[in-house]
Amino acid sequence: MMATLFYLAAFIALLATGLALTRTNAAHALIYLIVSLLAVAVLFFLMGAPFAAALEIVIYAGAIMVLFVFVIMMLNVGQEGIEREREWLSARNWVVPGVLAAILLLELLLALRAAPATTSGVAVTPKEVGLALFGPYVLAVEIASMLLLAGLVGAYHLGRRFIVRRERRR
Amino acid sequence: MSGLQIPMEHVLALAGLLFSCGLMGLMLRRNIIFMLMSLEVMLNAVALAFVAAGAQWGQADGQIIFLLILSVAAAEVAVGLGLVLQIQRRFKTLDMDQARRLRG
């Protein structure tokens, strides 16, 4: 029963990702991407990683996707943008990326056959994650915080100039 | 709630499929917003592989690497979307083939 849930969620994740990356309207693609991320969160929960599942929903499907929504709303691409996107997605552009991705996938699948194993069926609780995070991995937490600070400063720098120019034009 | 016993090949094959989807999207699309979305899909697939590996050994390390990937994705998206706004303002398009000059 639970295994069926797993494969169902996996199917939904694949289908939603495929649909998301072939849409012409960015807002529609974003909704499909959110569905895909929620399905992956279900996979995490079923594999016994409830903390990762919660973070996937809160940060990936919540915060990061909301950033995308804001930017798509600010850009306001409209109908001619969708038409142009449809033109770029013509069939002959698919051949080379499709073949390259298929070859890479084939190699990955061939490499996977060598290692038979199953997931342990033991859930890793948030308490264990927290103890490991602020024990042996505390340096990684510091580095991640530095990375987020750099991202914050960079995004502020890029966005600030955008806002200032618009005000000056008025 | 205890976890499920799933064959690792199936989980890793799913991660590989998602990664290939993201890679194909990255090569196929010319709109920078879709390229950023494809990057998100690829990072997410890698995170799935890490969490699956953590679940195989019943250790917390997989989820910790997932956290680090999450912070990388957040920082990358913040800077990337700032760049999207700048590109739209300077080139009046989202086509990455138009944004060729390094010094705008």
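The values are calculated or read from the model by the stated rules, or taken from the named source; none is laboratory data. Predicted model, so just to flag it, every value in this text is computed and none were measured. Methodologically, a virtual Cβ is constructed for each residue, glycine included, from the backbone with ideal geometry; neighbour enumeration extends over all protein chains shown. Please note that ligands, DNA and RNA were not included when accessible areas were found on the heavy atoms of the full protein model with its side chains. Shrake-Rupley method; radii C 1.70, N 1.55, O 1.52, S 1.80 Å.
Looking at region B:52-64, I want the residues that are facing another protein chain (nearest Cβ under 7 Å) and have a partner that is among the charged types (D, E, K, R) with Cβ atoms under 7 Å, at least 6 apart or on another chain. Which pairs are those?
B:GLY54/B:ASP61; B:ALA60/A:GLU128
Name the single residue that is farthest from the other protein chains (Cβ to nearest Cβ) among those in region A:1-30 being outside any helix (DSSP H, G or I), closer than 22 Å to A:GLU83 by Cα and not polar (S, T, N, Q).
Our first condition is that a residue be outside any helix (DSSP H, G or I); within region A:1-30, this holds for A:1, A:21-25.
Those still in the list that are closer than 22 Å to A:GLU83 by Cα too: A:21-25.
Next cut, not polar (S, T, N, Q) only: A:21, A:23.
On the way: A:LEU21: 4, A:ARG23: 8 Å.
Only one residue tops the list, namely A:ARG23.
Quick check, is A:LEU46 in contact with a helix residue (DSSP H, G or I) (Cβ under 9 Å, 6 or more places away or on another chain) and under 22 Å from A:THR118 (Cα atoms)?
Working: in contact with a helix residue (DSSP H, G or I) (Cβ under 9 Å, 6 or more places away or on another chain): yes; under 22 Å from A:THR118 (Cα atoms): yes.
Yes.
Show the residue pairs meeting these rules: Cβ distance below 8 Å; 6+ apart or different chains; first residue within region B:8-30 and surrounded by fewer than 23 Cβ atoms within 10 Å (Cβ to Cβ); second residue aromatic (Phe, Trp, Tyr) and at pLDDT below 90.
Matching pairs, first to second residue: B:LEU28/A:TRP94; B:ARG30/A:TRP88.
Tell me, yes or no, whether region B:67-76 has at least one residue that is out of contact with any Leu (no Cβ under 8 Å at 6 or more places or on another chain) and either closer than 24 Å to A:LEU147 by Cα or touching a residue at least 40 places away in the same chain (Cβ under 8 Å) (or both). It would help to see each step written out before you state the result.
We begin by selecting, within region B:67-76, every residue out of contact with any Leu (no Cβ under 8 Å at 6 or more places or on another chain); these are B:68.
Within this subset, residues satisfying the condition of being either closer than 24 Å to A:LEU147 by Cα or touching a residue at least 40 places away in the same chain (Cβ under 8 Å) (or both) are B:68.
Among the residues of region B:67-76, at least one is out of contact with any Leu (no Cβ under 8 Å at 6 or more places or on another chain) and either closer than 24 Å to A:LEU147 by Cα or touching a residue at least 40 places away in the same chain (Cβ under 8 Å) (or both), which makes the answer yes.
Which one of these is at pLDDT 80 or above and more than 9 Å from chain B (Cβ to nearest Cβ): A:LEU100, A:LEU110, A:LEU105?
On the way: A:LEU100 fails: more than 9 Å from chain B (Cβ to nearest Cβ); A:LEU105 fails: more than 9 Å from chain B (Cβ to nearest Cβ).
Exactly one residue qualifies, and that residue is A:LEU110.
Would you be able to say whether some residue in region B:53-60 is on the phi < 0 side of the Ramachandran plot, within 20 Å of the chain's Cα centre (by Cα) and part of a helix (DSSP H, G or I)?
Initial filter on region B:53-60 (on the phi < 0 side of the Ramachandran plot): B:53-57, B:59-60.
Then drop every residue that is not within 20 Å of the chain's Cα centre (by Cα), which leaves B:53-54.
Cutting the leftovers down to part of a helix (DSSP H, G or I) gives us B:53-54.
Yes, the conditions are met somewhere in region B:53-60.
Kindly indicate whether B:MET96 is more than 7 Å from chain A (Cβ to nearest Cβ), at pLDDT 90 or above, closer than 16 Å to A:VAL77 by Cβ and touching a Lys or Arg at 6+ places or on another chain (Cβ under 8 Å). Don't jump to the end; show me each part of the working.
On the way: more than 7 Å from chain A (Cβ to nearest Cβ): yes; at pLDDT 90 or above: no; closer than 16 Å to A:VAL77 by Cβ: yes; touching a Lys or Arg at 6+ places or on another chain (Cβ under 8 Å): yes.
So B:MET96 does not fit the description; no.
So B:LEU39 clears everything in (1) open to solvent by 50 Å² or more (accessible area, probe 1.4 Å); (2) part of a helix (DSSP H, G or I); (3) at the interface with chain A (Cβ under 9 Å from one of its Cβ atoms) except one condition, right? Which one?
B:LEU39 satisfies every listed condition except (3).
Does B:MET8 satisfy the criteria of being at the interface with another protein chain (Cβ under 7 Å from one of its Cβ atoms) and on the phi < 0 side of the Ramachandran plot? Break it down into steps so the answer makes sense when it comes.
Numbers: at the interface with another protein chain (Cβ under 7 Å from one of its Cβ atoms): yes; on the phi < 0 side of the Ramachandran plot: yes.
It is true that B:MET8 is at the interface with another protein chain (Cβ under 7 Å from one of its Cβ atoms) and on the phi < 0 side of the Ramachandran plot.
For region A:31-63, which positions are more than 7 Å from every other protein chain (Cβ to nearest Cβ) and not in a helix (DSSP H, G or I)?
Of everything in region A:31-63, nothing turns out to be more than 7 Å from every other protein chain (Cβ to nearest Cβ) and not in a helix (DSSP H, G or I).
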